[in-house]
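Contents: one structure, followed by commentary.
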Amino acid sequence: MINKDLVIIGGGPAGLSAAKLAAESGLSSLIVERDFKLGGQLVKQTHMFFGSEKQYAKTRGIDIAKILVDDVLKYPEMVEVMTDTTVVGLYEDKVITLLHNDEYIKVQSKAIIIATGASEKVLAFPNNDLPGIYGAGAVQTLMNVNGVLPGNDVVMVGSGNIGLIVSYQLMQAGVNVKCVIEASSSIGGYKVHASKLKRLGVDILTSHSVKRANGTEALESIVISKLDENWDYIEGTEKTIEVDSLCISVGLSPLSSLLSMIGVDMKYVSSLGGLVPYIDSHHETSVKDVYVAGDVCGVEEASSAIVEGYLTGLIVASSLGFKHENYDELYRDFKAQLENLRSGPFGEKTREGLQEIARNHDVK
Amino acid sequence: MRITEHPILTFEKKAKLQFVFDGNEVYGYEGDTIASALHAMGVKKLSHSIHLKRPRGFYCAIGNCASCNMIVDEKPNVRTCVTLLKEGMVVKTQLNKGDLYD
Ligand SMILES: Cc1cc2nc3c(=O)[nH]c(=O)nc-3n(C[C@H](O)[C@H](O)[C@H](O)COP(=O)(O)OP(=O)(O)OC[C@H]3O[C@@H](n4cnc5c(N)ncnc54)[C@H](O)[C@@H]3O)c2cc1C
Ligand code: FES
(Lines give C-alpha, C1' and ligand atoms only; values in the text may rest on other atoms or scores of the structure.)
(Ligands and ions follow the chains in the order given, each with its own letter.)
Protein backbone atom coordinates (compact mmCIF):
# COMPACT_ATOMS: atom_id res chain seq x y z
CA MET A 1 0.00 0.00 0.00
CA ILE A 2 1.27 3.44 -0.97
CA ASN A 3 0.46 6.34 1.36
CA LYS A 4 -0.42 9.83 0.09
CA ASP A 5 -1.76 13.00 1.63
CA LEU A 6 -3.92 13.93 -1.33
CA VAL A 7 -4.98 11.99 -4.41
CA ILE A 8 -6.67 13.91 -7.21
CA ILE A 9 -8.67 11.73 -9.59
CA GLY A 10 -8.78 13.29 -13.06
CA GLY A 11 -6.20 15.54 -14.71
CA GLY A 12 -8.57 17.96 -16.47
CA PRO A 13 -8.82 21.67 -15.68
CA ALA A 14 -10.41 21.04 -12.26
CA GLY A 15 -7.87 18.43 -11.12
CA LEU A 16 -4.86 20.37 -12.40
CA SER A 17 -6.00 23.58 -10.72
CA ALA A 18 -6.58 21.77 -7.44
CA ALA A 19 -3.05 20.34 -7.55
CA LYS A 20 -1.62 23.79 -8.20
CA LEU A 21 -3.26 25.43 -5.20
CA ALA A 22 -2.47 22.46 -2.95
CA ALA A 23 1.20 22.73 -3.98
CA GLU A 24 1.23 26.49 -3.44
CA SER A 25 -0.10 25.82 0.05
CA GLY A 26 2.66 23.29 0.72
CA LEU A 27 0.65 20.08 0.27
CA SER A 28 1.89 17.33 -2.05
CA SER A 29 -0.53 15.46 -4.26
CA LEU A 30 -0.81 12.63 -6.75
CA ILE A 31 -2.85 13.23 -9.91
CA VAL A 32 -4.27 10.07 -11.48
CA GLU A 33 -5.40 10.37 -15.11
CA ARG A 34 -6.76 7.58 -17.28
CA ASP A 35 -5.82 9.17 -20.59
CA PHE A 36 -2.20 9.14 -21.70
CA LYS A 37 -2.02 12.92 -21.35
CA LEU A 38 -3.19 15.63 -18.97
CA GLY A 39 -5.68 18.36 -19.85
CA GLY A 40 -9.10 16.66 -19.90
CA GLN A 41 -11.57 18.02 -22.44
CA LEU A 42 -9.39 21.04 -23.18
CA VAL A 43 -6.83 19.15 -25.27
CA LYS A 44 -9.14 19.14 -28.30
CA GLN A 45 -10.68 22.59 -28.09
CA THR A 46 -9.18 24.75 -30.80
CA HIS A 47 -11.60 27.64 -30.30
CA MET A 48 -11.06 30.70 -28.13
CA PHE A 49 -12.87 30.70 -24.84
CA PHE A 50 -15.42 33.14 -23.51
CA GLY A 51 -15.42 34.49 -20.01
CA SER A 52 -13.09 36.83 -18.22
CA GLU A 53 -9.32 37.24 -18.45
CA LYS A 54 -8.87 35.49 -15.10
CA GLN A 55 -10.00 32.21 -16.61
CA TYR A 56 -8.05 32.69 -19.83
CA ALA A 57 -10.83 34.05 -22.04
CA LYS A 58 -9.76 34.73 -25.65
CA THR A 59 -7.24 31.90 -25.33
CA ARG A 60 -7.75 28.64 -27.21
CA GLY A 61 -8.66 25.61 -25.10
CA ILE A 62 -5.56 23.71 -26.24
CA ASP A 63 -3.38 26.59 -25.03
CA ILE A 64 -5.22 26.82 -21.69
CA ALA A 65 -4.45 23.12 -21.23
CA LYS A 66 -0.75 23.86 -21.76
CA ILE A 67 -0.82 26.70 -19.22
CA LEU A 68 -2.54 24.54 -16.59
CA VAL A 69 -0.22 21.59 -17.17
CA ASP A 70 2.88 23.82 -17.01
CA ASP A 71 1.55 25.31 -13.78
CA VAL A 72 1.68 21.92 -12.04
CA LEU A 73 4.92 20.81 -13.69
CA LYS A 74 6.52 23.77 -11.91
CA TYR A 75 6.20 21.76 -8.71
CA PRO A 76 7.92 18.48 -9.59
CA GLU A 77 8.61 17.63 -5.95
CA MET A 78 5.06 18.41 -4.87
CA VAL A 79 2.87 17.09 -7.68
CA GLU A 80 3.26 13.54 -8.87
CA VAL A 81 1.44 12.59 -12.06
CA MET A 82 0.35 9.14 -13.17
CA THR A 83 -1.17 9.08 -16.64
CA ASP A 84 -2.54 5.98 -18.40
CA THR A 85 -3.90 5.05 -14.99
CA THR A 86 -7.57 4.49 -14.23
CA VAL A 87 -9.15 4.60 -10.81
CA VAL A 88 -11.27 1.46 -10.70
CA GLY A 89 -12.06 1.21 -7.02
CA LEU A 90 -12.72 3.57 -4.15
CA TYR A 91 -13.41 2.64 -0.56
CA GLU A 92 -14.87 4.61 2.33
CA ASP A 93 -11.61 4.50 4.29
CA LYS A 94 -10.05 6.39 1.36
CA VAL A 95 -8.23 3.47 -0.16
CA ILE A 96 -8.05 3.82 -3.93
CA THR A 97 -7.40 1.05 -6.47
CA LEU A 98 -5.53 2.15 -9.56
CA LEU A 99 -5.12 0.15 -12.73
CA HIS A 100 -1.85 0.88 -14.49
CA ASN A 101 -0.14 -1.34 -17.10
CA ASP A 102 -2.26 -4.34 -16.12
CA GLU A 103 -1.34 -3.97 -12.49
CA TYR A 104 -3.55 -3.04 -9.58
CA ILE A 105 -2.00 -0.54 -7.18
CA LYS A 106 -3.52 0.35 -3.82
CA VAL A 107 -3.14 3.83 -2.41
CA GLN A 108 -4.22 5.05 1.01
CA SER A 109 -4.92 8.76 0.99
CA LYS A 110 -5.80 11.25 3.71
CA ALA A 111 -8.02 13.24 1.37
CA ILE A 112 -9.36 12.75 -2.15
CA ILE A 113 -10.51 15.22 -4.75
CA ILE A 114 -12.67 13.66 -7.44
CA ALA A 115 -12.46 15.64 -10.68
CA THR A 116 -13.51 13.05 -13.25
CA GLY A 117 -15.50 15.45 -15.45
CA ALA A 118 -18.47 14.37 -17.55
CA SER A 119 -19.31 12.12 -20.48
CA GLU A 120 -21.48 12.72 -23.51
CA LYS A 121 -25.07 11.61 -23.44
CA VAL A 122 -26.54 9.30 -26.04
CA LEU A 123 -29.84 9.68 -27.86
CA ALA A 124 -32.37 6.86 -28.32
CA PHE A 125 -33.45 6.02 -31.88
CA PRO A 126 -33.35 2.79 -33.93
CA ASN A 127 -29.81 1.80 -34.98
CA ASN A 128 -28.18 4.45 -32.80
CA ASP A 129 -25.30 2.03 -32.18
CA LEU A 130 -24.05 1.91 -35.78
CA PRO A 131 -20.38 2.72 -36.33
CA GLY A 132 -20.23 6.26 -37.66
CA ILE A 133 -22.49 7.64 -34.92
CA TYR A 134 -20.32 9.47 -32.43
CA GLY A 135 -20.39 11.85 -29.54
CA ALA A 136 -19.52 15.33 -30.82
CA GLY A 137 -16.64 15.62 -28.37
CA ALA A 138 -15.27 12.29 -29.58
CA VAL A 139 -15.16 13.59 -33.14
CA GLN A 140 -13.43 16.68 -31.86
CA THR A 141 -10.73 14.47 -30.34
CA LEU A 142 -10.36 12.44 -33.52
CA MET A 143 -9.95 15.58 -35.65
CA ASN A 144 -8.08 17.98 -33.45
CA VAL A 145 -5.86 15.61 -31.49
CA ASN A 146 -5.32 12.76 -33.94
CA GLY A 147 -5.74 14.68 -37.19
CA VAL A 148 -8.17 12.10 -38.56
CA LEU A 149 -11.51 12.92 -40.20
CA PRO A 150 -14.67 11.10 -39.10
CA GLY A 151 -16.01 10.91 -42.67
CA ASN A 152 -17.12 13.06 -45.59
CA ASP A 153 -20.68 14.08 -44.78
CA VAL A 154 -22.03 14.68 -41.33
CA VAL A 155 -25.19 15.83 -39.58
CA MET A 156 -24.94 17.31 -36.10
CA VAL A 157 -27.70 16.64 -33.57
CA GLY A 158 -27.97 19.43 -31.02
CA SER A 159 -27.42 23.16 -31.36
CA GLY A 160 -25.93 23.90 -27.95
CA ASN A 161 -22.49 25.50 -27.89
CA ILE A 162 -20.70 22.17 -28.25
CA GLY A 163 -22.80 21.16 -31.27
CA LEU A 164 -22.26 24.52 -32.94
CA ILE A 165 -18.54 24.72 -32.18
CA VAL A 166 -17.81 21.17 -33.31
CA SER A 167 -19.82 21.73 -36.52
CA TYR A 168 -17.65 24.73 -37.28
CA GLN A 169 -14.51 22.76 -36.52
CA LEU A 170 -15.69 19.96 -38.81
CA MET A 171 -16.00 22.51 -41.62
CA GLN A 172 -12.52 23.85 -40.78
CA ALA A 173 -11.16 20.34 -41.14
CA GLY A 174 -12.81 19.95 -44.52
CA VAL A 175 -15.87 17.85 -43.64
CA ASN A 176 -19.23 18.71 -45.23
CA VAL A 177 -21.73 19.51 -42.47
CA LYS A 178 -25.10 18.89 -44.14
CA CYS A 179 -27.13 20.49 -41.36
CA VAL A 180 -27.52 20.87 -37.61
CA ILE A 181 -30.80 19.64 -36.18
CA GLU A 182 -32.31 20.72 -32.90
CA ALA A 183 -35.38 19.29 -31.14
CA SER A 184 -36.24 22.52 -29.37
CA SER A 185 -37.90 25.40 -31.20
CA SER A 186 -34.88 27.64 -30.71
CA ILE A 187 -31.09 27.39 -31.05
CA GLY A 188 -29.47 26.45 -27.76
CA GLY A 189 -25.99 27.96 -28.06
CA TYR A 190 -24.60 31.48 -28.35
CA LYS A 191 -25.62 33.55 -31.34
CA VAL A 192 -22.00 34.16 -32.47
CA HIS A 193 -21.42 30.45 -32.94
CA ALA A 194 -24.71 29.98 -34.82
CA SER A 195 -24.03 32.97 -37.08
CA LYS A 196 -20.60 31.65 -38.05
CA LEU A 197 -22.22 28.43 -39.28
CA LYS A 198 -25.01 30.19 -41.08
CA ARG A 199 -22.47 32.33 -42.90
CA LEU A 200 -20.91 29.12 -44.19
CA GLY A 201 -24.32 28.08 -45.49
CA VAL A 202 -25.09 25.43 -42.86
CA ASP A 203 -28.79 25.21 -42.02
CA ILE A 204 -29.82 24.87 -38.40
CA LEU A 205 -33.18 23.07 -38.41
CA THR A 206 -35.05 23.69 -35.17
CA SER A 207 -37.99 21.46 -34.08
CA HIS A 208 -36.30 18.50 -35.79
CA SER A 209 -34.85 15.23 -34.58
CA VAL A 210 -33.45 11.93 -35.84
CA LYS A 211 -36.07 9.26 -36.32
CA ARG A 212 -33.76 6.42 -37.27
CA ALA A 213 -30.38 5.57 -38.69
CA ASN A 214 -29.80 3.14 -41.57
CA GLY A 215 -26.82 1.00 -42.47
CA THR A 216 -25.52 -2.53 -42.07
CA GLU A 217 -21.84 -2.41 -41.14
CA ALA A 218 -21.70 1.37 -40.69
CA LEU A 219 -23.95 4.41 -40.98
CA GLU A 220 -25.27 5.10 -44.49
CA SER A 221 -28.18 7.46 -43.96
CA ILE A 222 -30.50 8.96 -41.38
CA VAL A 223 -34.16 9.84 -41.38
CA ILE A 224 -35.00 13.15 -39.75
CA SER A 225 -38.46 14.38 -38.91
CA LYS A 226 -40.16 17.54 -37.75
CA LEU A 227 -41.36 17.62 -34.15
CA ASP A 228 -44.50 19.16 -32.73
CA GLU A 229 -44.54 21.23 -29.55
CA ASN A 230 -44.58 18.04 -27.43
CA TRP A 231 -41.47 16.81 -29.27
CA ASP A 232 -43.49 14.07 -31.03
CA TYR A 233 -42.63 13.26 -34.65
CA ILE A 234 -44.99 14.81 -37.19
CA GLU A 235 -46.04 12.12 -39.68
CA GLY A 236 -45.24 12.88 -43.29
CA THR A 237 -42.35 15.27 -42.56
CA GLU A 238 -39.63 12.59 -42.75
CA LYS A 239 -36.60 13.26 -44.88
CA THR A 240 -33.71 10.89 -45.62
CA ILE A 241 -30.21 12.34 -45.61
CA GLU A 242 -27.20 10.40 -46.82
CA VAL A 243 -24.35 10.70 -44.35
CA ASP A 244 -21.42 8.59 -43.22
CA SER A 245 -21.21 10.31 -39.84
CA LEU A 246 -23.65 11.55 -37.27
CA CYS A 247 -22.56 13.57 -34.25
CA ILE A 248 -24.64 13.54 -31.11
CA SER A 249 -24.38 16.62 -28.95
CA VAL A 250 -27.28 16.50 -26.57
CA GLY A 251 -25.48 17.36 -23.37
CA LEU A 252 -23.09 15.83 -20.89
CA SER A 253 -23.68 13.94 -17.70
CA PRO A 254 -21.35 13.93 -14.69
CA LEU A 255 -19.00 10.95 -14.35
CA SER A 256 -19.99 10.37 -10.76
CA SER A 257 -19.88 6.57 -10.56
CA LEU A 258 -16.81 6.56 -8.28
CA LEU A 259 -18.79 8.59 -5.75
CA SER A 260 -21.54 5.98 -5.74
CA MET A 261 -18.94 3.33 -4.79
CA ILE A 262 -18.41 4.93 -1.40
CA GLY A 263 -22.02 5.77 -0.70
CA VAL A 264 -21.76 9.54 -1.10
CA ASP A 265 -25.25 11.12 -0.86
CA MET A 266 -26.31 11.94 -4.40
CA LYS A 267 -29.22 13.53 -6.17
CA TYR A 268 -30.44 13.60 -9.75
CA VAL A 269 -30.49 17.26 -10.81
CA SER A 270 -31.28 17.69 -14.48
CA SER A 271 -29.99 21.27 -14.67
CA LEU A 272 -26.57 19.98 -13.54
CA GLY A 273 -26.59 17.15 -16.10
CA GLY A 274 -27.54 14.12 -13.99
CA LEU A 275 -26.53 12.38 -10.78
CA VAL A 276 -24.43 14.72 -8.62
CA PRO A 277 -23.21 14.64 -5.02
CA TYR A 278 -24.53 16.84 -2.26
CA ILE A 279 -21.70 19.21 -1.31
CA ASP A 280 -21.09 21.88 1.30
CA SER A 281 -19.58 25.31 0.66
CA HIS A 282 -16.12 23.69 0.82
CA HIS A 283 -16.97 21.18 -1.93
CA GLU A 284 -16.81 18.33 0.58
CA THR A 285 -19.24 15.47 -0.05
CA SER A 286 -21.20 13.60 2.62
CA VAL A 287 -18.11 11.38 3.13
CA LYS A 288 -15.51 13.21 5.17
CA ASP A 289 -12.32 14.22 3.33
CA VAL A 290 -13.81 13.32 -0.05
CA TYR A 291 -14.16 16.43 -2.20
CA VAL A 292 -15.33 17.14 -5.75
CA ALA A 293 -14.53 19.82 -8.32
CA GLY A 294 -15.46 20.54 -11.93
CA ASP A 295 -18.06 18.95 -14.20
CA VAL A 296 -18.43 15.89 -11.96
CA CYS A 297 -20.46 17.98 -9.51
CA GLY A 298 -22.48 19.79 -12.16
CA VAL A 299 -21.77 20.23 -15.87
CA GLU A 300 -20.66 23.80 -16.47
CA GLU A 301 -17.61 25.15 -18.25
CA ALA A 302 -13.85 24.96 -18.10
CA SER A 303 -13.76 28.40 -16.51
CA SER A 304 -15.80 27.30 -13.51
CA ALA A 305 -13.98 23.95 -13.37
CA ILE A 306 -10.66 25.81 -13.05
CA VAL A 307 -11.87 28.07 -10.25
CA GLU A 308 -13.59 25.19 -8.42
CA GLY A 309 -10.29 23.31 -8.65
CA TYR A 310 -8.34 26.22 -7.18
CA LEU A 311 -10.87 26.64 -4.39
CA THR A 312 -10.96 22.95 -3.50
CA GLY A 313 -7.17 22.60 -3.56
CA LEU A 314 -6.87 25.60 -1.25
CA ILE A 315 -9.46 24.22 1.17
CA VAL A 316 -8.20 20.64 1.27
CA ALA A 317 -4.63 21.80 1.91
CA SER A 318 -5.81 23.92 4.80
CA SER A 319 -7.88 21.08 6.27
CA LEU A 320 -4.75 18.89 6.29
CA GLY A 321 -2.76 21.60 8.10
CA PHE A 322 -1.22 23.39 5.11
CA LYS A 323 -2.85 26.79 5.17
CA HIS A 324 -1.88 29.06 2.27
CA GLU A 325 -0.35 32.34 3.46
CA ASN A 326 -3.01 34.28 1.55
CA TYR A 327 -5.83 31.87 2.35
CA ASP A 328 -8.54 34.39 3.22
CA GLU A 329 -7.85 36.64 0.27
CA LEU A 330 -7.73 33.73 -2.21
CA TYR A 331 -10.82 32.11 -0.75
CA ARG A 332 -12.82 35.30 -1.20
CA ASP A 333 -11.46 35.82 -4.69
CA PHE A 334 -12.32 32.29 -5.90
CA LYS A 335 -15.81 32.47 -4.41
CA ALA A 336 -16.36 35.84 -6.08
CA GLN A 337 -15.14 34.52 -9.43
CA LEU A 338 -17.54 31.59 -9.26
CA GLU A 339 -20.42 33.85 -8.36
CA ASN A 340 -19.53 36.10 -11.25
CA LEU A 341 -19.35 33.20 -13.73
CA ARG A 342 -22.80 32.02 -12.66
CA SER A 343 -24.42 35.44 -12.68
CA GLY A 344 -26.79 36.52 -15.43
CA PRO A 345 -29.46 34.59 -17.31
CA PHE A 346 -27.14 31.83 -18.63
CA GLY A 347 -26.16 30.91 -15.07
CA GLU A 348 -29.67 30.75 -13.70
CA LYS A 349 -30.16 27.00 -14.12
CA THR A 350 -26.77 26.29 -12.56
CA ARG A 351 -27.56 28.51 -9.59
CA GLU A 352 -30.85 26.71 -9.00
CA GLY A 353 -29.24 23.30 -9.43
CA LEU A 354 -26.47 24.06 -6.96
CA GLN A 355 -29.05 25.09 -4.38
CA GLU A 356 -30.62 21.66 -4.67
CA ILE A 357 -27.40 19.90 -3.71
CA ALA A 358 -26.25 22.31 -1.00
CA ARG A 359 -25.42 20.10 1.95
CA ASN A 360 -26.21 21.26 5.42
CA HIS A 361 -26.29 17.97 7.32
CA ASP A 362 -23.31 16.48 9.15
CA VAL A 363 -20.67 14.51 7.33
CA LYS A 364 -20.48 10.75 7.84
CA MET B 1 -8.60 10.06 -44.04
CA ARG B 2 -6.08 12.34 -42.47
CA ILE B 3 -6.22 16.11 -42.24
CA THR B 4 -3.48 17.65 -44.33
CA GLU B 5 -4.38 21.32 -44.19
CA HIS B 6 -5.98 23.11 -41.27
CA PRO B 7 -6.42 26.83 -40.51
CA ILE B 8 -5.36 26.50 -36.85
CA LEU B 9 -3.57 23.23 -36.30
CA THR B 10 -0.51 21.77 -37.95
CA PHE B 11 -0.16 18.02 -38.27
CA GLU B 12 3.43 17.20 -39.06
CA LYS B 13 4.14 13.81 -40.54
CA LYS B 14 5.35 11.58 -37.75
CA ALA B 15 7.11 8.24 -37.81
CA LYS B 16 5.18 5.36 -39.36
CA LEU B 17 4.23 2.51 -37.06
CA GLN B 18 3.62 -0.93 -38.51
CA PHE B 19 0.95 -3.09 -36.86
CA VAL B 20 -1.25 -6.07 -37.62
CA PHE B 21 -5.03 -5.71 -37.88
CA ASP B 22 -7.07 -8.92 -38.25
CA GLY B 23 -4.12 -10.61 -39.93
CA ASN B 24 -3.15 -7.79 -42.29
CA GLU B 25 0.01 -5.69 -42.06
CA VAL B 26 -1.08 -2.06 -41.85
CA TYR B 27 0.36 1.15 -40.46
CA GLY B 28 -0.48 4.26 -38.50
CA TYR B 29 1.61 7.12 -37.20
CA GLU B 30 3.26 7.96 -33.93
CA GLY B 31 0.77 9.72 -31.67
CA ASP B 32 -2.18 7.74 -33.04
CA THR B 33 -4.44 5.81 -30.77
CA ILE B 34 -5.28 2.35 -32.09
CA ALA B 35 -8.79 3.60 -32.88
CA SER B 36 -7.59 6.70 -34.76
CA ALA B 37 -5.12 4.67 -36.84
CA LEU B 38 -7.89 2.26 -37.84
CA HIS B 39 -10.27 5.11 -38.54
CA ALA B 40 -7.74 6.79 -40.80
CA MET B 41 -7.70 3.55 -42.84
CA GLY B 42 -11.48 3.67 -43.08
CA VAL B 43 -12.09 0.94 -40.48
CA LYS B 44 -15.07 2.05 -38.42
CA LYS B 45 -16.23 -1.26 -37.02
CA LEU B 46 -14.14 -1.95 -33.92
CA SER B 47 -16.23 -4.35 -31.84
CA HIS B 48 -19.58 -6.16 -31.66
CA SER B 49 -22.43 -6.14 -29.21
CA ILE B 50 -22.25 -9.23 -27.02
CA HIS B 51 -25.60 -10.89 -27.73
CA LEU B 52 -26.79 -9.72 -31.14
CA LYS B 53 -23.25 -9.19 -32.51
CA ARG B 54 -24.22 -5.81 -33.89
CA PRO B 55 -21.25 -3.84 -35.22
CA ARG B 56 -19.93 -1.11 -32.96
CA GLY B 57 -17.56 1.78 -33.56
CA PHE B 58 -16.12 4.26 -31.15
CA TYR B 59 -18.44 6.69 -29.45
CA CYS B 60 -16.85 8.65 -26.59
CA ALA B 61 -13.09 8.68 -27.26
CA ILE B 62 -12.44 9.15 -23.53
CA GLY B 63 -12.32 5.51 -22.44
CA ASN B 64 -15.78 5.49 -20.97
CA CYS B 65 -18.25 3.56 -23.15
CA ALA B 66 -16.44 0.32 -24.09
CA SER B 67 -17.71 0.59 -27.66
CA CYS B 68 -14.13 0.45 -29.01
CA ASN B 69 -12.93 -2.61 -27.09
CA MET B 70 -10.61 -4.87 -29.11
CA ILE B 71 -8.10 -7.66 -28.57
CA VAL B 72 -4.62 -6.16 -28.48
CA ASP B 73 -1.60 -8.46 -28.17
CA GLU B 74 -3.93 -11.25 -27.00
CA LYS B 75 -5.48 -9.08 -24.29
CA PRO B 76 -9.26 -8.56 -24.72
CA ASN B 77 -11.33 -5.49 -23.80
CA VAL B 78 -8.60 -2.96 -24.54
CA ARG B 79 -10.12 0.52 -24.93
CA THR B 80 -8.52 1.37 -28.24
CA CYS B 81 -9.60 5.04 -28.11
CA VAL B 82 -7.26 5.76 -25.20
CA THR B 83 -4.49 3.28 -26.03
CA LEU B 84 -1.57 4.59 -28.02
CA LEU B 85 -0.51 2.63 -31.06
CA LYS B 86 2.85 0.89 -30.78
CA GLU B 87 5.07 -0.65 -33.43
CA GLY B 88 4.31 -4.34 -33.92
CA MET B 89 0.99 -4.45 -32.07
CA VAL B 90 -1.38 -7.24 -33.04
CA VAL B 91 -4.94 -5.92 -33.04
CA LYS B 92 -8.02 -8.11 -33.52
CA THR B 93 -11.74 -7.47 -33.68
CA GLN B 94 -13.44 -8.88 -30.61
CA LEU B 95 -16.60 -10.97 -30.98
CA ASN B 96 -17.37 -11.93 -27.39
CA LYS B 97 -17.01 -10.68 -23.83
CA GLY B 98 -13.32 -11.57 -23.90
CA ASP B 99 -11.53 -14.75 -22.84
CA LEU B 100 -9.07 -15.17 -20.00
CA TYR B 101 -5.49 -14.58 -21.06
CA ASP B 102 -2.01 -14.96 -19.55
C1 LIG C 1 -16.81 20.68 -27.56
C2 LIG C 1 -16.68 21.38 -26.23
C3 LIG C 1 -16.56 22.77 -26.21
C4 LIG C 1 -16.43 23.44 -24.99
N5 LIG C 1 -16.26 24.81 -25.00
C6 LIG C 1 -16.05 25.48 -23.83
C7 LIG C 1 -15.81 26.91 -23.82
O8 LIG C 1 -15.81 27.57 -24.88
N9 LIG C 1 -15.60 27.51 -22.63
C10 LIG C 1 -15.58 26.80 -21.47
O11 LIG C 1 -15.36 27.40 -20.40
N12 LIG C 1 -15.82 25.46 -21.44
C13 LIG C 1 -16.05 24.78 -22.59
N14 LIG C 1 -16.29 23.41 -22.58
C15 LIG C 1 -16.43 22.72 -21.30
C16 LIG C 1 -15.13 22.30 -20.64
O17 LIG C 1 -14.30 21.61 -21.55
C18 LIG C 1 -15.43 21.42 -19.44
O19 LIG C 1 -16.40 22.04 -18.64
C20 LIG C 1 -14.18 21.18 -18.60
O21 LIG C 1 -13.21 20.50 -19.35
C22 LIG C 1 -14.50 20.41 -17.33
O23 LIG C 1 -13.31 20.20 -16.60
P24 LIG C 1 -13.12 18.99 -15.59
O25 LIG C 1 -11.73 19.07 -15.10
O26 LIG C 1 -14.22 19.01 -14.61
O27 LIG C 1 -13.35 17.68 -16.45
P28 LIG C 1 -12.60 17.08 -17.73
O29 LIG C 1 -11.97 18.13 -18.56
O30 LIG C 1 -13.59 16.18 -18.37
O31 LIG C 1 -11.44 16.20 -17.08
C32 LIG C 1 -11.71 15.04 -16.33
C33 LIG C 1 -10.53 14.10 -16.42
O34 LIG C 1 -10.72 12.99 -15.54
C35 LIG C 1 -10.27 11.81 -16.16
N36 LIG C 1 -10.95 10.65 -15.55
C37 LIG C 1 -12.28 10.36 -15.58
N38 LIG C 1 -12.53 9.22 -14.90
C39 LIG C 1 -11.34 8.77 -14.43
C40 LIG C 1 -10.94 7.64 -13.64
N41 LIG C 1 -11.82 6.73 -13.19
N42 LIG C 1 -9.61 7.49 -13.35
C43 LIG C 1 -8.70 8.40 -13.78
N44 LIG C 1 -9.03 9.50 -14.51
C45 LIG C 1 -10.33 9.69 -14.84
C46 LIG C 1 -10.64 12.02 -17.62
O47 LIG C 1 -9.86 11.22 -18.48
C48 LIG C 1 -10.36 13.52 -17.81
O49 LIG C 1 -9.06 13.79 -18.28
C50 LIG C 1 -16.45 22.71 -23.78
C51 LIG C 1 -16.60 21.31 -23.80
C52 LIG C 1 -16.70 20.63 -25.00
C53 LIG C 1 -16.84 19.12 -25.01
S1 FES D 1 -14.95 5.02 -27.56
FE2 FES D 1 -15.81 4.94 -25.62
S3 FES D 1 -14.37 3.73 -24.55
FE4 FES D 1 -13.42 4.02 -26.44
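Laid out as a table, the results:
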read-out	value
Delta accessible area of at least 50 Å² on complex formation, residues of the stretch A:91-132, 1.4 Å probe, chain isolated as reference	A:102, A:129, A:131
Rounded accessible area per residue of chain A, 1.4 Å, Å²	42
Cβ neighbours within 10 Å from other chains - mean over A:146-157	5
Order by protection proxy (mean Cβ within 10 Å, highest first), peptides A:114-126, A:197-209, A:175-187	A:114-126, A:175-187, A:197-209
Charge sum, other residues only, whose C-beta stays under 11 Å from residue A:326's C-beta, Lys/Arg counted +1 and Asp/Glu -1	-3
Burial order of peptide ranges A:341-350, A:247-256 (average beta-carbon count within 10 Å, highest first)	A:247-256, A:341-350
Diffusion constant of the stretch B:1-95 at 25 °C, which comes from Stokes-Einstein with the Kirkwood Cα-pair radius and 0.890 mPa s, µm²/s	179
Apportionment of accessible area to carbon and sulfur, the stretch B:16-92, percent (1.4 Å)	52
Interface size A-B, as summed buried accessible area [1.4 Å probe, Å², nearest 100]	3200
Cα→Cβ-extended label distance, 7 Å offset, between residue B:14 and residue A:257, nm	2.8
Cβ-based net charge around residue B:59, under 12 Å, with every Lys or Arg adding one and every Asp or Glu removing one	+2
Computed [θ] at 222 nm, deg cm²/dmol, chain A (DSSP H ≥ 4; -39,500 (n - 2.57); rounded to nearest 500)	-8500 deg cm²/dmol
Whichever lysines have a C-alpha closer than 25 Å to that of residue A:267, once near sequence neighbours (fewer than 8 apart) are set aside	A:94, A:121, A:288, A:335, A:349, A:364
Protein-only accessible surface order, largest first, of A:33, A:300, A:77 at 1.4 Å	A:77, A:300, A:33
Other-chain or far-sequence residues with amide H under 5 Å of residue A:273's (modelled H)	A:299
Count of Lys pairs (Cα-Cα under 19 Å; at least 8 positions apart or interchain) in the stretch A:122-248	8
Percent of Cα-Cα distances greater than 22 Å, calculated over the stretch A:122-248	30
Helical contribution to [θ] at 222 nm, DSSP H n ≥ 4, -39,500 (n - 2.57), averaged over chain B, rounded to 500	-1500 deg cm²/dmol
Two-site FRET efficiency, residue B:75 against residue A:328, from Cβ-Cβ distance with R₀ of 45 Å, rounded to 0.05	0.30
Cα-based equivalent ellipsoid of chain A: semi-axis lengths in Å, sorted from largest, via gyration tensor	38, 21, 20
Relative counts (whole %) of C-alpha pair distances in the stretch A:77-148, using bins that are 5 Å wide	3, 11, 14, 16, 15, 14, 13, 9, 4, 1, 0
Those residues of the stretch A:162-186 for which accessible area with every protein chain present is at least 50 Å² below the isolated value (1.4 Å probe)	A:172
Accessible-area composition of the stretch A:227-356, carbon plus sulfur, in percent [1.4 Å probe]	47
Charge sum, other residues only, whose C-beta stays under 12 Å from residue A:270's C-beta, Lys/Arg counted +1 and Asp/Glu -1	+1
Residues in the stretch B:26-46 occluded by at least 20 Å² - accessible area, probe radius 1.4 Å, against chain by itself	B:33, B:36, B:39, B:44, B:45
Relative contact order %, the stretch A:122-248, counting alpha carbon pairs below 8 Å whose residues are six or more apart	31
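The values are calculated or read from the model by the stated rules, or taken from the named source; none is laboratory data. Small disclaimer: the values here were computed from a predicted structure and weren't measured. Cβ sites come from the backbone with ideal geometry, for glycine too, and all protein chains shown count toward neighbours. With ligands, DNA and RNA removed, areas are computed over all heavy atoms of the protein, side chains included. Shrake-Rupley method; radii C 1.70, N 1.55, O 1.52, S 1.80 Å.
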